[in-house]
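Here is the structure we will look at, set down as structure tokens.
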Amino acid sequence: MTPHDDSLAWLTWQTGSTQQQLRWHSEAGNPPPKRVQEADDQIAADTAYKLACEGCGLLWRGDFQNARQLLQALGRRIDKARERALAKAKDKPAAGVAAGAGAAAQAFHQHRQMQAQRARILGMLLIPVEPGFVVPLRRAPDLQAACREAYAPALADTAFAVSLRELQGLIGAHEWRKKGVEIGALGARIHPWYGVFSPVRGEYVDLVAQAALPSTEQAFDIGVGSGVLSAVLARRGVRKIVATDMDPRALACARQNLQQLGLHQQVQLQEADLFPEGRAPLVVCNPPWLPARPSSPIEHAVYDPDNRMLLGFLNGLAQHLTPQGEGWLIMSDFAEHLGLREPGMLAEAIAKAGLVVAGRHDIKPRHGKAVDRDDPLHAARSKETTTLWRLRAQA
């Protein structure tokens, strides 16, 4: 393909009187900056910040470690601008905003807007990558392994540009994949892949590890992700587990984790939207907890637009349970405290799907943000409870 093929995105800029082009890549699907200029170690942080705020991409030609320092400097300037904006907002409180859920929802949407703005500005610092995933900059680390784990193999054959912020995400994911996440219920580690939700919030895993099993014959795991819940069920003696996911990367991640744990013979992985065929005495699902639109691939594990997966699971559950079988729905009430979901919506959806609640198990979150009073969503997080709902088909 030529640089003029409309099926690809390209960066275009001038070097002297010569027009340059380089393929653009973004795992999040972000469009390329409309304006690009080359930058190196001589650029001042204030100048870089001004250009980035204007939507100008800075294609880095200097030292890689200096680029990382510049990214940190941009982040500090964004934070200072945010602090000034928050101070002004406190001086001029918004009229017509009700307390409680309305204020919490407004805080959530403002928080996401600020996150998106931060991501957009930081995403303007661009790094060139040559074929073979080689970064042609001074003091650049070897990123080949991290890139191979995250990017499609075909991308290795071409030169492209990517945001430094995305590259740092790849590096972090590569380290998490090597180190893994300790899962107390397994006495072992789960190794999440790039783009697959990491089971760092262990409380929902503990709920599945402790609830009484209705049967050890068979279970369905809907939305397998890293494979952690399938692994817990297998360790608890469930003889056959059919685990589904729509994301091929998640299925590959789960397969590797289950193989490393020696549990792969108990788990059959299927690419499917929600349920596999047939019925099971236990069907487990941990859907995304917030009914909002994701802005990147990794956010699909956090945000469920219009409660699509939640309602799909509930509405199809009765048809996939054996008599006296149970569906385990693991949900946080964070969305209710944020005003994103009506308090009675879940109970109404359960009843409408022809289900009854046979029991529930609650647990409080243990992650750091739950006690961080500086977190903009602390008021909602401090009230959050995660629940395992034991559901059965109405008689």
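The figures follow:
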item: Members of the stretch 129-168 that are of a type outside the set (Phe, Trp, Tyr) and touching an Asp or Glu at 6+ places or on another chain (Cβ under 8 Å); result: Pro131, Pro136, Leu137, Arg138, Arg139, Ala150, Ala159, Glu166
item: Residue within the stretch 233-253 that is without any contact (Cβ under 8 Å) to a residue 12 or more places away in the chain and not hydroxyl-bearing (Ser, Thr, Tyr) present; result: no
item: Exclusive hit being without any contact (Cβ under 8 Å) to a residue 12 or more places away in the chain and either of a type in the set (A, V, I, L, M, F, W, C) or in contact with a Leu (Cβ under 9 Å, 6 or more places away or on another chain) (or both), set Ala28, Ala52, Ala44; result: Ala44
item: Count of the stretch 43-54 residues which are closer than 17 Å to Trp13 by Cβ and of a type outside the set (D, E, K, R); result: 5
item: Hits in the stretch 347-363 - residues which are among the hydrophobic types (A, V, I, L, M, F, W, C) and out of contact with any strand residue (DSSP E or B) (no Cβ under 7 Å at 6 or more places or on another chain); result: Ala347, Ala349, Ala351, Ala353
item: Of residues in the stretch 166-184 being within 14 Å of Asn257 (Cβ to Cβ) and of a type in the set (A, V, I, L, M, F, W, C), the one surrounded by the most Cβ atoms within 10 Å (Cβ to Cβ); result: Ile183
item: Test: Ser230 is in the same structural domain as Leu346 (by TED's automatic domain parsing), over 19 Å from His191 (Cβ atoms), of a type in the set (S, T, N, Q) and touching a residue at least 24 places away in the same chain (Cβ under 8 Å); result: no
item: Any hit, the stretch 196-209, residues being more than 24 Å from Arg390 (Cβ to Cβ), of a type in the set (A, V, I, L, M, F, W, C) and outside any loop (DSSP other than H, G, I, E, B); result: no
item: Any pair with Cβ under 6 angstrom, 6 or more apart, that starts in the stretch 167-178 at a residue that is among the β-branched types (Val, Ile, Thr) and ends at one that is assigned to a helix (DSSP H, G or I) and at pLDDT 95 or above; result: Ile171/Ala146
item: Subset of the stretch 200-228 [of a type in the set (A, V, I, L, M) and closer than 15 Å to Pro276 by Cβ]; result: Ala219, Ile222, Val224
item: Matching option when the condition is closer than 30 Å to Ala39 by Cβ and in contact with a strand residue (DSSP E or B) (Cβ under 6 Å, 6 or more places away or on another chain), among Leu233, Leu164; result: Leu164
item: Set Ala159, Ala152: member being under 30 Å from Gln37 (Cα atoms), free of Cβ contacts under 8 Å to residues at least 24 places away in the same chain, not assigned by TED's automatic domain parsing to the domain that holds Pro248 and not acidic (Asp, Glu); result: Ala152
item: Qualifying residue in the stretch 341-353 (condition: surrounded by 13 or more Cβ atoms within 10 Å (Cβ to Cβ), in a helix (DSSP H, G or I) and modelled with pLDDT under 90); result: no
item: Residues located in the stretch 171-193, provided they are of a type in the set (A, V, I, L, M) and either in contact with a Phe, Trp or Tyr (Cβ under 6 Å, 6 or more places away or on another chain) or not in a helix (DSSP H, G or I) (or both); result: Ala173, Val181, Ile183, Ala185, Leu186, Ala188, Ile190
item: Unmet requirement for Gln265, which otherwise passes all of (1) among the polar types (S, T, N, Q); (2) more than 29 Å from Leu170 (Cβ to Cβ); (3) in contact (Cβ under 8 Å) with a residue 12 or more places away in the chain; result: (3)
item: Pair list, Cβ < 9 Å and 6+ apart or interchain, from the stretch 326-348 residues that are in the same structural domain as Ser382 (by TED's automatic domain parsing) and within 17 Å of Gly102 (Cβ to Cβ) to residues that are of a type in the set (Ser, Thr, Tyr) and modelled with pLDDT under 90; result: His337/Ser382
item: Those residues of the stretch 34-70 which are surrounded by fewer than 18 Cβ atoms within 10 Å (Cβ to Cβ), within 28 Å of the chain's Cα centre (by Cα) and either among the aliphatic types (A, V, I, L, M) or modelled with pLDDT under 95 (or both), in sequence order; result: Lys34
item: Hits in the stretch 209-222 (condition: surrounded by fewer than 23 Cβ atoms within 10 Å (Cβ to Cβ) and either touching a residue at least 12 places away in the same chain (Cβ under 8 Å) or under 19 Å from Trp176 (Cβ atoms) (or both)); result: Ala209, Gln210, Ala211, Leu213, Pro214, Ser215, Thr216, Glu217, Gln218
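The values are calculated or read from the model by the stated rules, or taken from the named source; none is laboratory data. Note that the coordinates shown come from a computational prediction; the quantities given were computed from them, not determined experimentally. A quick note on method: Cβ atoms are made from the backbone with ideal geometry, for glycine too, and the neighbour counts reach across all protein chains shown.
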